[in-house]
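Engineer: The structure's right below; bear with me while I get my questions together.
Every number here is computed from the coordinates shown, using simple stated rules; none is lab data. Small disclaimer: the values here were computed from a predicted structure and weren't measured. Here the Cβ is made from the backbone with ideal geometry for all residues, glycine too, and neighbour counts use every protein chain on show.
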Amino acid sequence: MKIHIDIDCFFVSATRISHPELEHRPVAIGGRSDTKIFTKEAKNQTVNFENSGSFVPTFYKAYEDKDDDIAAFKDADGRVRGILTTSSYEARAYGIKTAMSIREALQLCPALIIKAPNMSLYQKLSHQLHDFLARKIPLIEQASIDEFYGDLNGWVEDEAIPHFIDNLRHEIKKELNLPVSIGAAKTRYIAKLATTYAKPFGCKTIYEWDFDEFVNPIKVEDFAGIGRNMRTKLNAVQIKTLGALRLRRGTLESWGPYATELYKRVNGESDAPIQTQHKRKSIGISRTFDPIFDRNELKRRVHILARHLSFAIFKLDVIPTVFHLSIHYEMNQKSHINVSKAEIFTEKKFDALCLEMFHKADTQKRLHMIRLSINCSSFTRDSRKELSLIGFEEEKKMQTLSKSTQKLRQKYGIDMLKFASEL
């Protein structure tokens, strides 16, 4: 059997380790795009490639105790800004949800305690839990900063699994003071679904004999991988539960490979092996800010984002060949551009490319911008692309210079050396 382990309200649970007085109180962790990256206040920038994703940025400012309250989310005019990355179960009882604005959450629960994120602590605890699980289970996969999969086949007999995972969650609580919920099933997808119904701080095992009884009544939107568009499509043909979905194999198969695979996952027919290591396939940076019209200021911000992303690319020791820049304007307007280049990576050339992409992507010049994103992917280690030999020797010299710059930044900080265009 496979098991899925999920830390309950991870960011809140981690905060409670440092602040035990917050137990049993409504607590939420705020999140706000770090726009100080564009100012002279930028400092202590940290880069972490592990477990980045939703609400877990690759680039973030090192934690400071003075930021550990609602003041961290007030702008220069005293307005509360930002959204919630997670909340405690006590807070959820008031209707508070992830991604809700802090302002709206405080209206629902005036007693809500808002804490700033401490990414360094989260990464540390996540590593500790991974190491602990690796001592208990032969095959462990870290799916995200707070989610893990394990394979118990040949390690624990099926009938002993409920006892094993129940002991495991209590051992984790005793060892790391982290509450976890654990689901077990034949496949990883059903194990993850079981975890949802084990929360908080519980465990649930799904055997083949009670598979139908468990799966069939569940709403389609509660299955991982069924998003808003797929839910709408399913509802349009009167498929509102997983049981109804399982009766419509032909319908799902007629919708193509993705829907076919989805059917197999829901039906317990499809599984995936536990992967103990994941290769990063892309790296990106983005920032959301108050509306800006000044294109010179926006170009300056492109230079800053390019510098940070260049630092990460050299740290990863990869050569990207596909580059993407996207712009979000006011009034929900968007624009983006993709460029492919199989050449030696240098910071100077990358900076120029980002600026070029910005000019081409900026198709709504009368609108204010509110977000900039740059992403690099298709690394040469994972593709069959060969580097261009045009100007190869000159580019090798520029790469050597870029690597020298990299060493200085690693020692003294990413802001140690900047482009003149940033000032």
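Engineer: With the crude spin-label approximation of a point 7 Å out along Cα→Cβ, what separation in nm comes out for N177 versus W155?
Structural biologist: Once both label points are built, they end up 2.7 nm from each other.
Engineer: Treat the count of other C-beta atoms within 10 Å as a stand-in for reagent exposure and order C9, C109 from fewest to most. Walk me through the numbers on the way to the answer.
Structural biologist: On the way: C9 25, C109 18.
With the sparsest Cβ surroundings first, the list reads C109, C9.
Engineer: Right, another one. Given 0.36 nm per residue, what is the gain on full extension from L108 to D210 after removing their alpha carbon distance, in nm? List each step's numbers first, then the result.
Structural biologist: Numbers: separation 102, 0.36 × 102 = 36.72 nm, distance 3.92 nm.
Contour length minus Cα-Cα distance gives 32.8 nm.
Engineer: Something else now. Tally Lys/Arg at +1 and Asp/Glu at -1 over every other residue whose Cβ is under 15 Å from the Cβ of A194; what's the total?
Structural biologist: -3
Engineer: At a Förster distance of 30 Å, what's the computed FRET efficiency of K334 paired with R280, Cβ-Cβ distance as r, to 0.05?
Structural biologist: Numbers: r = 25 Å, r/R0 = 0.85.
Calculated value: 0.75.
Engineer: Okay, next question. Between D77 and I292, what length in nm is gained on full extension when 0.36 nm per residue of separation is reduced by their alpha carbon distance? Provide the component values of the computation, followed by the final result.
Structural biologist: Details: separation 215, 0.36 × 215 = 77.40 nm, distance 1.70 nm.
Length gained between D77 and I292: 75.7 nm.
Engineer: I want to check the label-to-label distance for H127 and E253. Put each point 7 Å from Cα in the C-beta direction and report it in nm to one decimal.
Structural biologist: The modelled label-to-label distance comes out at 4.9 nm.
Engineer: Let me ask you something else. Which entries in the list K233/K264; K2/K192; K199/K281 go over 20 Å, if you measure between the two C-alpha atoms of each?
Structural biologist: Details: K233/K264 18 Å; K2/K192 9 Å; K199/K281 32 Å.
Listed pairs above 20 Å: K199/K281.
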